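Below is one structure; the comments refer to it alone.
The values are calculated or read from the model by the stated rules, or taken from the named source; none is laboratory data. Everything numeric here is computed off the predicted structure, so don't read it as measured data. Glycine gets a Cβ as well: all are built from the backbone with ideal geometry, and neighbour counts include every protein chain shown. When the accessible area is computed, the model is the full protein with side chains, heavy atoms only, and any ligands, DNA or RNA have been set aside. Shrake-Rupley method; radii C 1.70, N 1.55, O 1.52, S 1.80 Å.
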Amino acid sequence: MVDSVQAEPRSVSAAGEPAPTRSRWWPKRKLNSYTVAPLLMISINLVLFLLFFIWPAVIGLNYSFTSYTGVGPAPYVGLDNYERLVSDSAFYAALWRTLIYTGAVVPLTFVASLGTAYLLVSQHSKGKTVTRVVFFMPWLISPIIAGVIWRWLFGENFGLVNFVITELGGKALPWQSNANLSLIVVVIAATWMGTAFNMLLFVAALKNVPTSYYEAADLDGANAWQKFRRITLPAIAPTSFIVVLLSTLHTMKEYGLIFAINAGGPGTENNLIVQYIYTTGFRKAQIGYASAASFVLLLILVIIAVVQLLASRRKGS
Amino acid sequence: MAVASKPPALRRRKVGKKGDVPRSIGTSSIMWLLAVVYGLPLIWFLLSSFKPAGDLFSYPLTVFPKHWTVSGYTQAWTKFDVAQYFVNTLIVAVSATLLTIVASAAAGYALAKYNSWWLKIFAGCILLTTMLPGETILAPLFVVIRNIGLYNSLAGVVVPAVITATGTFMFRQFFVTVPNDLLEAARIDGSSELSTFIRIMLPLARPIVLTLAIFSFQWRWNDFLWPLIILNDPNQFTLQIGVASIVGAQNVNWSVLLGASVLSMLPLIAIYLVFQKYVMSADINAGLKD
Amino acid sequence: MAISATVRRGRLRWLSVGVIAALTLGACSSGDSDDSADVKNITFWYSTSAQDQGYIDLAKDFQAKTGISVEIVNLPNDGYQDKLKQAAQANALPDTASVPSLDTLWVNQLQDLSSIANNATNNINKDLITAQDSKVLAIPSDVTAAGLYINKSLFDKAKVAYPTDPSQTWTWDEFLAAADKVRTATKAKYDLVYDRSPARIRPWIYSHGGKGFQLGADGKFATPDAATVQAIDSFAKLNNDVIMPKSVWGAGADPNALFKSGQVVAYFSGVWQVADFAEGITNFEWASAPTPAQPVHATDINLGGKVVAFSNKGKVDAAKQWVDFIFERTNYTKLAQANGYLPIEKGLTLTYPFKKQAALDAFALYTKEIESADPISASGQANQTKLLLAGKSVDDALVKDEMGKLVNGQQDTQKTVDNIIAGLNQQIG
């Protein structure tokens, strides 16, 4: 039985009493058992977290207050880097472009992965053995290779797509010279690559929905769409939430794929935020500045995550 | 909310239900259409790997090779020590995957089933790890690895990669849907928390375990920059380092690169084919039903 | 499919133990050997995507002669520079290497190679070595030069002639006129594609009489002369989708692929394409043509890998010996032939193992071009080296971005040039 459809676990008492604010409905035991056990369970992640995230992050944060160039001393400059960042138009341009990109990719990937998952789980579709492999393959490819494939497909001069368009009598589109068209190509490529991952998450979630619900709905005479909206969607809401959240975070950090497809071009019009950080910081040896930009990005992502969490909590309750 | 007596069911085929056949045709055709859209770039990529180098850029463009050749593959095979790199990558991928599953399952379960303020904070911390781009954290992370002494070893490639927010939350979201009644029943039976987790909860999560295994394997298999920086001894290089060495400073030997890329993808496909059977066919109604 | 829970738990336990054991072993067995008394082997890092047997064969000869074995490690180009940086920070630099460029981070750990560079029998081209305060820090393994390729089949089809001797080269105007003729006669798509790189634009500027982006007396980039601005302007105007496609300099399209499609009359790139073209172009005939001059006959002379020896404890002598061995005349001849290098040593007679005549002709042409090129041709790489030795790492990729904006009509030529100078100088600090 699925007893919770929110992002947070809520305790429900077996006897149907309203849940107490503190989550204890079982006979009170020694406090230890419920501190030691979970502590032990998170121990591996905790140690790794401290060692391989906090420690480097602190080092990085330190750099952000200096004008470190990667070699030699790291002179302290206080909030200089952050001030420079706030007035850097290239940073905002990159940030805005990244937001647009994310706004396009996340919904598209959500629909595509939920759709394919639904089709793969449904009893009505035949030939799933082959299609489930086909849907999964794009995700296996490394971003560099995917970049090459899509660059060739949408090449402006000798790409397959323009070739087909011209053969059919149309005019070749400037897939590389036009910043927006170029971004569209990346959006398509990113959706193509990212579908399988979310699809598997949705498949696991869809399979977890009890058939009894559907049977009950059938008895009530509900059609497929109603079943989907009223039963499936709410039942997979925890997974949906995590899919949207992780997709958003992952897409905001996009670098490899877009670099492989158009190198942030034409010119610098499709520079996304991580490429900006990489070029300013690591190429131009302004490690301090790049670290500051990274932490601003961290802050933005935290805000996005909190917003999504609040939104889903409100929807869930 | 009685414990169900229904066996982990096969979905009963409702044979002869009204509207079944048009339904099948409709759903199947949509699925096949999508499969074609997704598969076309791949097919083209695969076919291109069988074209000789001179034909790759010929105009007008061809989808099918005019002359089929495996020279790309044979050259890729001799370009670098494929067998050794393959073994190294396998070691990295398998050990990282095992550790990742253990760590993520345990942490995900803890986050789902226990309510403490510090667990909630920890959940936020785990999520935080996805918010710093890898390229940013590369140099400081290297400093840490060097100080610990894991430089130039496969362990240095594996250990930092074990923590994953995705994996932890996958398990968390799953365990959230497992009714607490099960946990309560186990407690009443006198089972300790850890043994409940290992004996009862973890087996329930098998599809998630296998899904995460597929993910983790792919992530480690396609890792490039970090193994390159950490490893000095060419006997420890991974497959992606070998593939990348085909890309020259000024030009690329495309047919060899395509061949090498396809070769390096084959093990991933094999893993997926083996595991997805369990993921797709598992009927996981979490043990308890209405 | 039920595995008994106890068995499963047991398995899990053993699995974790086994994995941890394996990792520990792995960590232990691959630690760097710190034994300073062991000079039996040294490491040599380099990066190549070709089937270079040159260094491997030399290493065998070296071991036969001195008993020291050289471990040759081929690293991918992408990330090689980063790896050297990190290796320097981990005190794990190789003993010797062929590096794409020096890095301020470890330049102070290089040995002085002047005895090898000044050795008269080697006859190394002194203009191209990296020296600082009479210390020679690096000796290039080979020389590279920019140059023009033409689609010979198209030229032959249109019955248009082209020069084959650099001393009787054509002007850019003559070349473009010829390419135009070929294009219209054969219905090709473009006259020319041009590599999108800051180094490649230099020959264009130099050959039109400009001095390009040079360092002033104050160590910063000086405002370029009018001829340079004029040259950049005329280059941008050529990107009109008739003569040259906008998509290359404007959006990063791959000119190499475009030329290989057989739809473009000519391609301005460099000597490193020869080996690739020899194998990779089978649908038409190609040839190297002399770089046009208008009026200056210049190209961009650059360096291939720079061979360096690090001062790693206990390996100092062995490292120097290996580098000495590489540049010894007969050995270097073997190396240059096997790897298809344009030689850094003067007066060698090389027989390259290329099977295609076009490749052999191309190499002969390039050798002549380098000899007769205007001295300004090497100034681009000299500037970069000067800056590096002064501790400044300058990345000139912004030239590509600014020129891209110019080609796309987003800014005018003067602004482009101003932005480039400002951007470069900002990195100097």
Residues satisfying the stated conditions in the stretch B:142-159, i.e. within 7 Å of chain A (Cβ to nearest Cβ) and either open to solvent by 20 Å² or more (accessible area, probe 1.4 Å) or not in a helix (DSSP H, G or I) (or both): B:Val143
Restricting the stretch C:59-102 to residues that are charged (D, E, K, R), in contact (Cβ under 8 Å) with a residue 12 or more places away in the chain and surrounded by 17 or more Cβ atoms within 10 Å (Cβ to Cβ), the one nearest to the other protein chains (Cβ to nearest Cβ) turns out to be C:Lys85
Matching residues in the stretch C:118-128 - criterion: being touching a residue at least 24 places away in the same chain (Cβ under 8 Å) and either closer than 12 Å to C:Phe327 by Cβ or open to solvent by less than 30 Å² (accessible area, probe 1.4 Å) (or both): C:Asn119, C:Thr121, C:Asn122, C:Asn123, C:Ile124, C:Asn125, C:Leu128
Among the residues of the stretch B:51-61, count how many are in a loop (DSSP other than H, G, I, E, B) and either open to solvent by 60 Å² or more (accessible area, probe 1.4 Å) or among the small types (Gly, Ala, Ser) (or both). 3
The residue that is nearest to the other protein chains (Cβ to nearest Cβ), considering only those in the stretch A:81-98 that are open to solvent by 70 Å² or more (accessible area, probe 1.4 Å) and without any contact (Cβ under 8 Å) to a residue 60 or more places away in the chain, is A:Ser89
Against the definition (over 20 Å from A:His250 (Cβ atoms), facing chain A (nearest Cβ under 9 Å), in a helix (DSSP H, G or I) and in contact (Cβ under 8 Å) with a residue 24 or more places away in the chain), how does B:Phe215 come out, yes or no? no
May I ask you to list the residues in the stretch C:390-423 that are assigned to a helix (DSSP H, G or I), open to solvent by 40 Å² or more (accessible area, probe 1.4 Å) and either farther than 18 Å from C:Pro203 by Cα or among the hydrophobic types (A, V, I, L, M, F, W, C) (or both)? C:Asp401, C:Lys405, C:Gln414, C:Lys415, C:Asp418, C:Asn419, C:Ala422
Which pairs turn up if I take residues in the stretch A:42-68 that are touching a residue at least 40 places away in the same chain (Cβ under 8 Å) and look for partners that are open to solvent by 40 Å² or more (accessible area, probe 1.4 Å) and part of a strand (DSSP E or B) with beta carbon separation below 7 Å, at least 6 apart in sequence or on another chain? A:Phe65/A:Tyr76; A:Thr66/A:Tyr76
Does the stretch C:175-185 hold any residues that are within 29 Å of the chain's Cα centre (by Cα) and either open to solvent by 40 Å² or more (accessible area, probe 1.4 Å) or under 10 Å from C:Pro292 (Cβ atoms) (or both), and which are they? C:Phe175, C:Leu176
Considering (1) of a type outside the set (Val, Ile, Thr); (2) at pLDDT below 90; (3) farther than 24 Å from B:Gln218 by Cβ; (4) part of a helix (DSSP H, G or I), say which one B:Phe64 fails and leave the rest. (4)
Selected residue (only one of A:Trp175, A:Trp152 is crowded, with 22+ Cβ neighbours inside 10 Å and free of Cβ contacts under 8 Å to residues at least 12 places away in the same chain): A:Trp152
Based on what the data block shows, is A:Val243 surrounded by 15 or more Cβ atoms within 10 Å (Cβ to Cβ), farther than 30 Å from A:Val274 by Cα, β-branched (Val, Ile, Thr) and within 11 Å of chain B (Cβ to nearest Cβ)? no
Could you please let me know if C:Asp374 is open to solvent by 50 Å² or more (accessible area, probe 1.4 Å), of a type outside the set (S, T, N, Q) and within 23 Å of C:Thr299 (Cβ to Cβ)? yes
Just to be sure I understand, how many residues within the stretch A:195-225 are over 28 Å from the mean Cα position of the chain (by Cα) and in a helix (DSSP H, G or I)? 10
Does any residue of the stretch A:39-56 turn out to be open to solvent by 70 Å² or more (accessible area, probe 1.4 Å), modelled with pLDDT of 90 or more and not aliphatic (A, V, I, L, M)? yes
Do we find that B:Ser281 is modelled with pLDDT of 85 or more and not aliphatic (A, V, I, L, M) in this structure? no
Tell me which residues, restricted to the stretch C:43-75, are touching a strand residue (DSSP E or B) at 6+ places or on another chain (Cβ under 6 Å), in a strand (DSSP E or B) and within 18 Å of C:Tyr341 (Cβ to Cβ). C:Phe44, C:Trp45, C:Tyr46, C:Ile72
Among what's in the stretch C:336-375 and is hydrophobic (A, V, I, L, M, F, W, C) and under 21 Å from C:Ala138 (Cα atoms), pick the residue that is nearest to the chain's Cα centre (by Cα). C:Leu342
Of all residues in the stretch C:154-174, which are under 29 Å from C:Pro375 (Cα atoms) and crowded, with 16+ Cβ neighbours inside 10 Å? C:Tyr162, C:Pro166, C:Thr169, C:Trp170, C:Trp172
When the stretch A:190-227 is examined, which residues are found to be over 26 Å from B:Ala205 (Cβ atoms) and aliphatic (A, V, I, L, M)? A:Ala190, A:Met193, A:Ala216, A:Ala217, A:Leu219, A:Ala222, A:Ala224
Do we have C:Ile301 as away from chain B (no Cβ under 14 Å), open to solvent by 10 Å² or more (accessible area, probe 1.4 Å), in contact (Cβ under 8 Å) with a residue 60 or more places away in the chain and farther than 21 Å from C:Ala177 by Cα here? yes
Out of all the residues in the stretch A:119-149, which are among the aromatic types (Phe, Trp, Tyr) and open to solvent by less than 20 Å² (accessible area, probe 1.4 Å)? A:Phe135, A:Phe136
Looking only at residues in the stretch B:185-204 that are aliphatic (A, V, I, L, M), within 18 Å of A:Pro38 (Cα to Cα) and facing another protein chain (nearest Cβ under 10 Å), which one is surrounded by the most Cβ atoms within 10 Å (Cβ to Cβ)? B:Leu202
By residue number, the members of the stretch B:62-87 that are surrounded by 18 or more Cβ atoms within 10 Å (Cβ to Cβ) and at the interface with chain C (Cβ under 10 Å from one of its Cβ atoms) are B:Gln75, B:Lys79, B:Phe80
